[in-house]
Amino acid sequence: MIAGLEAAEMPADAIEVGRIADAWGVKGWFKVLPHSANPEALFSSKSWYLLPTERGQKTFDGCARLLVKEAKEHSSSVVATAQDVLDRTAAEALRGSRIFVSRASFPTAAKDEYYWVDLIGLDVVNRQDEALGVVKELLSTGAQTVLVIEYSEEDGKLQERMIPFVSAYVDDVDLKARRILVDWLKDY
């Protein structure tokens, strides 16, 4: 096991939030590429769970827990330092590791704000109570976020439709009922 890492079991509610890109500086800091434009989950958790890179040389096996001392924004990425990762060599050994955080440690979303991970898998229905499909993923287009909805044609062939995730089209998001109500017709 690498210095600074301890073997751990991945939490049941773990969400992948980024990847360690490389060492940053000479004092054990490392650069993180977050999966979100707003990486609050990286800042709110002091325990990150790592899985080794899927490609290239693996420097550790299984799941490891990293105790984060500090994480902060730097340019278009995040830089962090962790307990017992004291120099560049130790930070380089983490390169490529996938970062997971327990969903329970995410900050509480504000009213009418949602984590993308919470929207994936929700049923989407329109005002006419017609099922439009299930949220497969979300896309950030810069100006707005777009729901990618997967549905089946009558012949069973899977199709996708895209609906802007803006108040003009989204009437309600009910996380408990796992449903999104939209102003959108099937033939759009």
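Please treat every number below as a calculation from the coordinates, not as lab data. None of the values given here were measured: they were computed from a predicted structure. Cβ atoms come from the backbone with ideal geometry, glycine included; neighbour counts cover every protein chain shown.
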Notebook entry, point to check: Is the shape of region 53-100 best called rounded, prolate or oblate, per the rule: a/c under 1.5 gives rounded, else a/b larger than b/c gives prolate, else oblate, with a ≥ b ≥ c the square roots of the Cα gyration tensor eigenvalues?
Noted result: prolate
Next item on the list: Using only alpha carbon pairs under 8 Å that are at least six residues apart, calculate the relative contact order of region 116-182 and give it in whole percent.
Entry: 30 percent
Item checked: Longest exposed-site-free window of the chain, the sites being trypsin sites (Lys or Arg not before Pro) in a DSSP loop that have at most 16 other C-beta atoms within 10 Å -> 59-110
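Suppose the chain between Gln128 and Asp84 were pulled fully straight at 0.36 nm per residue; how much longer would it get relative to their current alpha carbon spacing?
Length gained, Gln128 through Asp84: 10.1 nm.
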Item checked: Compactness of the chain, expressed as Rg and Dmax over alpha-carbon positions, Å -> 19.7, 60
Checklist line | Cα Rg over Rh - region 111-170, Kirkwood | finding: 0.98
Item checked: Sequence-distant lysines (8 or more away, or on other chains) whose Cα lies within less than 17 Å of Lys176 -> Lys111
Check: Which shape class applies to region 5-105: rounded if a/c is under 1.5, otherwise prolate when a/b exceeds b/c and oblate if not, where a ≥ b ≥ c are the square roots of the Cα gyration tensor eigenvalues?
Finding: rounded
Margin query: Modelling each spin label as a point 7 Å along the Cα-to-Cβ direction, I'd like the Glu137/Glu54 distance in nm, to one decimal.
Written below: 1.2 nm
Check: If contacts are Cα pairs under 8 angstrom and at least 6 residues apart, what is the relative contact order of region 5-105 in percent?
Finding: 43 percent
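At R0 = 30 Å, how high is the FRET efficiency between Asp118 and Val166 if r is their beta carbon distance? Nearest 0.05 is fine.
Result of the calculation: an efficiency of 0.95.
Suppose we flag GluC sites (Glu not before Pro) only when DSSP calls them loop and at most 11 other Cβ atoms lie within 10 Å. Which is the longest uninterrupted stretch of the chain?
55-112
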